Amino acid sequence: MRTRFAPSPTGFLHLGGARTALFSWLYARKHQGEFILRIEDTDVERSSQEAVDAIIDGMNWLGLDYDEGPVFQMQRMARYQEVIQQLLSEAKIYKCYCSKERLEKLREMQMANKEKPRYDGRCRNLVEEAEGEPFVLRFKTPLQGSVIFDDLVKGPIEVNNAELDDLIIQRTDGTPTYNFTVVVDDLDMNITTVIRGDDHINNTPRQINILLALGVIPPQYAHVPMILGQDGKRLSKRHGAMSVTQYREDGYLPEAMLNYLVRLGWSHGDQEIFSKEEMISLFDLQDVNRAPAAFNTEKLQWLNQHYLKTESPDYIAGLLAKHLQMIKVDIANGPELILVVNALRERSKTLVEMAEKAACFYQDKVVYDVKAADKFLNEDILPVFEFLHVQLQNIIDWNEDSIGAVFKLSLETFNLKMPKLAQPLRVALVGSTQSPGISTTLHLLGKDKALHNISQALDYLKVL
RNA sequence: GUCCCCUUCGUCUAGGGGUUAGGACACCGGGUUUUCAUCUCGGCAACAGGGGUUCAAAUCCCCUAGGGGACGCCA
């Protein structure tokens, strides 16, 4: 079993491409086959090395490793020429001298007549060659019959050859076109299963005809539906036609991305969470949906939090470090990252969010949320803070138990209910009313910083 | 316009002749709780429409509507 992912390097790896790659990869891995990366760069104008790098970066991030490639089509020109010569000698393709202008007019006329625009085959039976005139090479599509193929996702599809025209396989400049190079490559690479977006369904009969002309058995095809944006419309820049690696920047784990992607158009009963191993063993093209699926950020976030909660704290800490660096938080002076992860993983949907919440443990000054300070930092709490400051200072072994004991003593001394003290203290310690458990927060801050922050609050309270 | 593909809660989906049409996200409410979360319990919510076939249709067939794609010397 051999599958391939064949993007054209004209942009980054977006969601749709990533999912197609994932399905191809899963199918190959499931059957202990090979997965090949092929770069379709015959459109020299629009292809770029940056795009190649971006695609590979995206695949690496998701862990979609390939067994062969990247194979570049531009490096296979000699081979395409060879096949073209063969087809030419067998009269299965022909030179067409029709100008672009003529083709343009033809198309307009056909549209006006409410016909499907297609080449009329004028040069198909030309007896004499026009020496020195520019020409393209066209494939002689069978005039009769139809192409039938059994799509692994969509089921049987039949297209009448009469619907097809003689497609161009080589341009005036001598370069081969997409429908031709795909066929030659899939053939040479022994691709057994072509998995791609269903926008290629229309190309499939043409490609099968070429394969048949070459005298070979076509591979199996599996056309997976497109991914739609949040609004159910085609993916656009706003909501997902962005690079998958943007999600890495936005604080998503590759595990979550992969899990989200695999469930978009594929399912296994009621199961929502899949490890990579489970995906591989459970995946099957039979279970891929035929209808397009809309992208939904909420579910991705839920999955992301799930993996933040369940992956090893060590792993999360490593990623969190990068995100803290991005927002210029120096983690040299502050708690161990793993402790922070444990305190925040249940209250963060992304690493970006976690980094924002973690920042307060590493900063020298507390910046108060105005509303929170107005509500909770008032003179009533001043004596409590003073007491707390002294008591905390006396702690020798700074841990959650000893801190908890001091906290309890403070509550008893001033006859306060837990929230009456916890909330003002939160504001004093981290600036907002939201934080991990109060003992944990104090512990994470460390004795020095905790006392320092309470002092800062006392100063603030005294000038009120 | 022509051809191709698609249609189950708002979203992702299960279900392939007999189901109170199931799960998940989101949303709403209860519980736990020290805030926010987590966790937990419950609720809301769908077979696009119309014809057939059948004792019985979400499920099979046809039509209509709606959505998407293709119709390039792009891939």
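Since every read-out is calculated from the coordinates, none of them should be taken as a lab result. The model shown is predicted, which means the values in this text are computed figures rather than measured ones. Cβ coordinates were reconstructed from backbone atoms using ideal geometry, including for glycine residues, and neighbour counts include every protein chain displayed.
Run through all the Cα pairs of the stretch A:92-159 and give the fraction in each 5 Å bin from 0, expressed as whole percent. The percentages, shortest bin first, are 3, 13, 18, 17, 17, 13, 10, 6, 2, 1. Hey, which lysines would be in cross-link range of residue A:299, C-alpha to C-alpha under 17 Å, not counting anything within fewer than 8 residues on its own chain? Within the straight-line limit of under 17 Å, residue A:299 reaches these lysines: A:309, A:349. Overall dimensions of the stretch A:306-376, expressed as equivalent-ellipsoid semi-axes from the Cα gyration tensor (√(5λ), whole Å, largest first), are 22, 15, 10. Label-to-label distance for residue A:462 and residue A:278 is 5.8 nm, based on points extended 7 Å past Cα in the beta-carbon direction. For the stretch A:390-464, a simple Cβ point-charge model (Lys and Arg +1, Asp and Glu -1, everything else neutral) yields a dipole of about 260 debye relative to the Cα centre.
Note on residue A:48/residue A:216: beta-carbon distance plugged into 1/(1 + (r/R0)^6) with R0 of 45 Å gives a FRET efficiency of 0.85.
Once the gyration tensor of the Cα atoms in the stretch A:146-282 is diagonalised, the equivalent ellipsoid follows with semi-axes of 33, 19, 16 Å, ordered largest first.
The charge dipole of the stretch A:30-163, taken about its Cα centre with unit charges on the Cβ atoms of Lys, Arg (+1), Asp and Glu (-1) only, comes to about 740 debye. Estimate the FRET efficiency between residue A:370 and residue A:146 by the formula 1/(1 + (r/R0)^6), using the beta-carbon distance for r and 60 Å for R0, to the nearest 0.05. It comes out at approximately 0.25. In terms of surrounding Cβ atoms within a 10 Å radius of their Cβ, A:55, A:217 rank from fewest to most as A:217, A:55. Note on the stretch A:192-233 and the stretch A:428-456: Cα centroid distance 59 Å, given to the nearest whole angstrom. The alpha carbons of the stretch A:49-146 give a radius of gyration and a Dmax of 20.0, 56 Å, in that order.
Computed log10 I(q)/I(0) for chain A at 0.08, 0.10 Å⁻¹: -0.64, -0.82, from the Debye equation with unit scatterers placed on every C-alpha and solvent omitted. Amide H contacts of residue A:266: A:289, each under 5 Å away and 5 or more positions distant or on a separate chain (H built 1.01 Å from N in the peptide plane; Pro and chain starts excluded). Once you divide the Cα radius of gyration of the stretch A:362-464 by 2.2 N^0.38 Å, the number left is 0.95.
For the stretch A:1-140, the residue among A:15, A:137, A:109 whose Cα projects farthest onto the positive side of the dipole built from Cβ charges is A:109.
Dimensions of the stretch A:101-201 from C-alpha coordinates, computed as largest minus smallest value along each principal axis and given longest first, are 44, 35, 23 Å.
Annotation note: GluC sites (Glu not before Pro) in the stretch A:44-88 located in DSSP loop regions with a Cβ neighbour count of at most 16 within 10 Å are A:45. Within chain A, the cysteines lacking any other cysteine Cβ closer than 4.7 Å to their own Cβ are A:98, A:360.
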